[in-house]
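Written out below as structure tokens is the structure these notes cover.
Nothing in this text is a laboratory measurement; each read-out follows from the coordinates by a stated rule. Not measured: the values here are computed from a predicted model. Here the Cβ is made from the backbone with ideal geometry for all residues, glycine too, and neighbour counts use every protein chain on show.
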Amino acid sequence: MSKHPLPRRGVATFASALLAACLLLAQPVAAYEDLLPAGAGSYDDFVELAQEFFEWRASQRAVLAVPDYSQSAVDERIERVHAFQRRLADMNVAEWGRSERAEYLAVRGTMDEQEFLLRVYRPWSRDPGHYVGQMLRVSFTELPVSGEDREELVARLQRVSDLTESAKAHLRDVPADFADLALHNLTNSDGVNHGHPYREVPPDGVLGWFDDLLGRARDEQPELVPEIEAARAAAQDLNDWLIANRDSMTDPAGIGGELLDWYLVHVKYMPYTSDDVVVLGQRELERTWAFMALERHRFRDLPEIEMPQSREEYEARIEAVDDEVRAFLVEEEFMTIPDFIPDDFREMGFNVPWIERPTGPNYWEQIQYRDPSPDHWHAVIPGHRFDGRVLSRVEHPVRRHIRDSGRAEGWALYLEEAPLQLGFYDETRQRTRELIYNFAVFRAARTLGDVWLQRNEMTADEAVEYWMEMTPYLDVDVARVDAEIYLRRPPGYGLGYTIGSFQMYKLLADRRRQLGEEFVLKDFHDEFMAAGGLPIALIRYEMTGLDDEVAIFWDHTPLGEKLEQLGY
């Protein structure tokens, strides 16, 4: 029996959550037409406003120097968002069609998200990792550099000292989990190293990577040594400051249940409470564990898939999988492959590089090295890398700015089990089927952990322990990195995989019922992709006209009002 089938503190029982979800589903959807804004703004006015907002948001992200995090500067940014929101509320949405209404909701959600970032999440005040991560990326620079690249590197190295001073000035309400994760990353390899330059022995965190850069500079570009030494000293100073102040860093890392519920509806556009998500996640964890057991039993007489013995053998497996997936997409009329998608898998890239670790392969490598196909569907074609190239060509002035993570991860997870149901694994990859359910088990367990972390019902260490208990092959490094991702990113990213895939299944079922025998899977997938990166619930409304979910979204509670209710 699991040590932690449910979190140990302050959570509703599974039975009561299930009852609440059933009651919610049984309630009739209230009329919402009177909630639609009926102001003076036209759709063209809306497009102009959206473009102005997205340009402003991009300008906030593009500053090379450390931004001003003084309260007056933050208040000024909040007021700017409020000004955008007031203008948005004055649009005549009541006269618009479904597509325009969906876009309006998507933009409103991004504005709410920006306000949430400024008023609640506040990474500059709560998260040392906000500063540590920026330091790490500087140290990856390849040498030698010259011209503008050299000037940029020097500026980024000098910026490390500014980051440390900003962190010491502004980190005022730091959660224990955030402090411990930052300290770990300053002095330890994360053990996963994806996206890092390859080293046979990975450097020990940010400080180790600066030592690595320093060693390369002494050999290849010694005039940079003083700047690198100063940057390393600044990173060491931040590490020492965090250690000295660690005992005072005791705030909870999660945002709490009520704000999580607000965020799921108003930003993620998921028509569920966090209690609903727990019920769905628990059910999916049970289903995928059971299916994994059944698949393993079904093909018990077949040998286990052996690990490759070299990079060349591994990449040959990827190439073979890429050929098979592309052929399957065409033969099964799954979806259209645009002409701009590269034919060579090396140009598309892949998520899991060949790394020989003294401790052996980590979780992702245990599966990917055996058979790259589950992650290839999820992350390469027609998943994330394919998806990213399609979305990068969206020209619509509003939709090209919308990239919802639940839509991205829900689509990608749907792409793991859908090919299994369509027969991709029937003839030659039977033992891979249990690996697909292993992936799904981890996604479902992360859904539960994501909710419990944000509701402060689990610490990061407890989530790591729970996930490792639930998921075969899972190692502590991958689990810890995932806990960091789902705590430090805005809420709902971790649960977006499983819940997003459920929304995909719901959309597929709705569309099949609507069209009957005229339903064509290829057309369905192509229409979905053409909608862009909007949240799936909004794509469902646009594609089907079903408004049971958007009726919930039009009942909008501004963040400020919610914070007042909570005494924030």
Computed over all unlike Cα pairs, the Kirkwood hydrodynamic radius of segment 305-544 in Å stands at 18.8
Suppose only helical runs count, i.e. DSSP H with n ≥ 4. What mean residue ellipticity at 222 nm does that imply for the chain under -39500 (n - 2.57) per run, divided by all residues and rounded to the nearest 500 deg cm²/dmol? -20000 deg cm²/dmol
C-alpha center-to-center spacing [segment 475-514, segment 251-308] in angstrom: 8
Along the dipole axis of the chain (charges at Cβ: +1 for Lys and Arg, -1 for Asp and Glu; origin at the Cα centre), the most positive-end residue among PHE386, ALA176, LEU186 is ALA176
For ARG431, distant residues with modelled amide H under 5 Å away: none
Kindly provide the Kirkwood hydrodynamic radius of segment 263-354 in Å, to one decimal, from all pairs of distinct alpha carbon atoms. 17.8
In vacuo Debye sum over C-alpha of segment 50-130, base-10 log of normalised intensity I(q)/I(0) at q = 0.12, 0.21, 0.22, 0.23 Å⁻¹, listed in q order, is -0.41, -1.03, -1.10, -1.17
Here the tail fraction of P(r) beyond 26 Å, over all Cα-Cα pairs of segment 389-498, rounds in percent to 31
For segment 201-331, average projected area of the Cα convex hull in nm²: 17.2
Return the whole-Å distance between the Cα centroid of segment 89-131 and the Cα centroid of segment 190-204. 35
How large is the Rg to Rh ratio of segment 198-241 when both quantities use alpha carbon positions and Rh follows Kirkwood? 1.01
Convert 37 °C to kelvin, take the viscosity as 0.692 mPa s, use the Kirkwood radius over C-alpha pairs of segment 358-409 as Rh, and evaluate the Stokes-Einstein diffusion coefficient in µm²/s, rounded to a whole number. 255
Once the other residues with Cβ under 9 Å from the Cβ of PRO271 are scored (Lys, Arg +1; Asp, Glu -1), what is the net sum? -3
Send over the per residue convex hull volume for segment 129-248, Cα only, as a whole number of Å³. 98
What is the Cα coordinate range of segment 324-434 on the first, second and third principal axes, sorted by size from largest, in whole angstrom? 48, 35, 27
With eigenvalues of the C-alpha gyration tensor scaled by 5 and rooted, the chain, Å: 35, 33, 25
Contact order normalised by length for the chain, with contacts defined as Cα pairs under 8 Å and 6 or more residues apart; what percent is it? 20
To make sure I understand the rule: partners must be aspartates and glutamates, Cα under 19 Å from the Cα of LYS168, and not fewer than 8 residues away in the same chain. Which ones qualify? ASP68, ASP127, ASP177, ASP180, ASP237, ASP240, ASP247, ASP251
Sort GLU295, GLU416, GLU148, GLU227 so the one with the fewest other Cβ atoms within 10 Å of its own Cβ comes first. GLU148, GLU227, GLU295, GLU416
